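Taking it in order: structure first as structure tokens, then the write-up.
The values are calculated or read from the model by the stated rules, or taken from the named source; none is laboratory data. Note that the structure is a prediction, hence the values are computed from the model and not measured. Heads up: the accessible areas ignore ligands, DNA and RNA and are worked out on the full protein's heavy atoms, side chains in. Shrake-Rupley method; radii C 1.70, N 1.55, O 1.52, S 1.80 Å.
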Amino acid sequence: MHILAMLAGMIIGLSIGTHVTWLLGIPIMLLSLLCLNIGSAAWRERQEAFALFFGLCCGAFIFVYNIIVG
């Protein structure tokens, strides 16, 4: 979940920086990088393993879907 929180913070910071002002966007992006240190090392490792497994499953699904459909 720390990866998703960091990603959401970066997207929000980029959006605010693009549409409002970079003086607000850059601090939000920098604060979202603090999400990297949330939780224990073992918890972060389990979260990263799950994200990797989920990403690989999604990639395999898209690959098989493209073979079947097109």
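Quick notes on this one:
- Given their separation in residues at 0.36 nm each and the Cα-Cα distance between them, Ile26 and Ala8 gain 5.1 nm when the chain is fully extended.
- Heavy-atom accessible area per residue - the chain, 1.4 Å, Å²: 78 Å²
- Rel. contact order, % - alpha carbon contacts under 8 angstrom, at least six apart, the chain: 30 percent
- Correct choice for Cα Rg over 2.2 N^0.38 Å that was computed from the model, options [x] 1.40; [y] 1.13; [z] 1.49: [z]
- The slack between His19 and Ile62, meaning 0.36 nm per residue of separation minus the straight C-alpha distance, is 12.2 nm.
- Just the protein heavy atoms count here, and of the accessible area of the chain at 1.4 Å, carbon and sulfur take up 79 percent.
- Span-rule helices in the chain, defined as complete DSSP H runs reaching 18 Å or more along the axis (Cα) with Kyte mean at least 1.0: 2-19, 41-69
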